[in-house]
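Input: a single structure, listed below in structure tokens.
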Amino acid sequence: MGVAGSGKTTLARGLADHYRYALLDADDWHSADARAQMAAGIPLSDAQRQPWVAALAAELQRLAASGRASVLAFSGLRAAHRQQLRDSGVAMRFLFLHAAPAVIAARLAARREHFMPPQLLESQLQALQPPHDEPDVIAIDGAADYPQVLAEALRKLDAAGVSPRR
């Protein structure tokens with residue numbers, strides 16, 4: 001979890017490959033209208049995000065019911081949305097990727113062919129409710145190079161008892 005440009009999708013791919021889990025990118029679950037709105041530089045409201053989070057929770061439940069573990073790249077900006085995923089009944093850990101706004105802004109500026117424009121970073125930072133006092137959240141320094149981010153995430157997840165599928 002983290003704001004746009006924090007490295008969620010890249011890290012999620014690496015974790016899914018390492019653990020041999022299914023990969024879900026929450027961006028793929030946005031409606032065409034939501035994507036168009038964000039592409040126009042208009043942030044989504046909490047009310048607009050709610051059905052999106054509900055659909056993600058349902059997919060996590062579906063995968064878990066079929067015996068498949070998964071990794072979800074998800075902004076998780078609001079505490080209520082993180083709680084909505086927890087309330088799905090699926091066991092989970094959150095990784096909170098954080099970095100200085102300037103680092104994230106540079107990544108967003110370099111990104112091509114993504115619906116989320118760099119000018120929405122400020123609204124994402126304003127919407128973010130940092131996960132303080134949420135015991136299932138592991139903070140990760142997203143400013144480091146990707147191999148270091150992945151290594152830190154794996155080290156912390158392994159310490160938390162997450163293991164690869166056999």
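The values are calculated or read from the model by the stated rules, or taken from the named source; none is laboratory data. Being a predicted model, the structure only gives us computed values, none of them experimental. FYI the Cβ positions are ideal-geometry reconstructions off the backbone, even for glycines, and counts take in every protein chain you see. Keep in mind that these areas ignore ligands, DNA and RNA; they rest on the heavy atoms of the full protein, side chains included. Shrake-Rupley method; radii C 1.70, N 1.55, O 1.52, S 1.80 Å.
Top mean-square fluctuation among 101, 131, 147, Gaussian network model of the chain, C-alpha springs under 10 Å?
Ranking 101, 131, 147 by mean-square fluctuation puts 147 first.
Leaving out ligands, DNA and RNA, what percent of the accessible area of the chain is carbon and sulfur, probe 1.4 Å?
Solvent-exposed carbon and sulfur of the chain make up 54 percent of the total.
For the chain, build the charge dipole from Cβ charges (+1 Lys, Arg; -1 Asp, Glu) around the Cα centre, then report which of 99, 129, 15 sits farthest towards its positive end.
Projecting each Cα onto the dipole axis, the largest value belongs to 15.
If you build a Gaussian network model of the chain, linking Cα atoms that sit under 10 Å apart, which residue out of 60, 154, 72 swings the most?
Fluctuation is largest for 154.
Using protein chains only and a probe of 1.4 angstrom, how many square angstrom of residue 45 are accessible, to the nearest 10?
Residue 45 has an accessible surface of roughly 50 Å² with all protein chains in place.
If contacts are Cα pairs under 8 angstrom and at least 6 residues apart, what is the relative contact order of the chain in percent?
Averaging sequence separation for qualifying contacts and normalising by length gives 36 percent for the chain.
Can you tell me how much longer the chain between residue 92 and residue 45 gets when fully stretched, taken as 0.36 nm per residue apart minus their C-alpha distance, in nm with one decimal?
Length gained, residue 92 through residue 45: 14.4 nm.
Dipole of the stretch 8-160, Cα-centred, from +1 at each Lys and Arg C-beta and -1 at each Asp and Glu C-beta, to the nearest 20 debye?
Dipole of the stretch 8-160, to the nearest 20 debye: 200 debye.
For the stretch 8-160, what is the accessible area per residue in Å² when the probe is 1.4 Å?
It amounts to 52 Å² per residue over the stretch 8-160.
Roughly how many whole Å is it from the C-alpha centroid of the stretch 130-156 to that of the stretch 1-36?
So the two Cα centres are separated by 15 Å.
With the cut-off at 1.5 for a/c, could you classify the chain from its C-alpha gyration tensor as rounded, prolate or oblate?
oblate
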